[in-house]
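Since the structure comes first, as C-alpha cells, the remarks are kept for the end.
The values are calculated or read from the model by the stated rules, or taken from the named source; none is laboratory data. The model shown is predicted, which means the values in this text are computed figures rather than measured ones. Please note: Cβ atoms are built from the backbone with ideal geometry, for glycine as well, and neighbour counts cover all protein chains shown.
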Amino acid sequence: MTDKNWKITDLFTGEEKPVEIFRNEPTQEWIEGWNAGMNGDDRNPYEPGCVQHGDWQEGHDDAEMD
C-alpha cells in the first residue's frame, strides 16, 4: 500500500508529479480492457504509448488469462 500523495521529480522536466504506479484499485481503462477481453474484443481505443493504452491492455490480457 502506498500514500497517494507521494510525488517524484521528473528527471527531464524537473516537475514534481504524483506517483501513479502503485494503486489499490484498477483504473477505469483497466476495467474497460478486462470487460473487452471477456467479450472477445481486441480493439484498444487508446493511443499506443499512453498510460491509458497500457492499462487497457493489461486489463484485457488479465481477462484472457481468466
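Among the residues making up segment 39-49, a single one is closer than 14 Å to Gln28 by Cβ and under 12 Å from the mean Cα position of the chain (by Cα): Tyr46. Residues that are touching a helix residue (DSSP H, G or I) at 6+ places or on another chain (Cβ under 6 Å) and crowded, with 17+ Cβ neighbours inside 10 Å within segment 34-56 comprise Trp34, Ala36, Gly37, Asn44, Gln52, Asp55, Trp56, listed in sequence order.
The residues of segment 3-33 that are at pLDDT 75 or above, surrounded by fewer than 10 Cβ atoms within 10 Å (Cβ to Cβ) and within 11 Å of the chain's Cα centre (by Cα) amount to a single one, Glu25.
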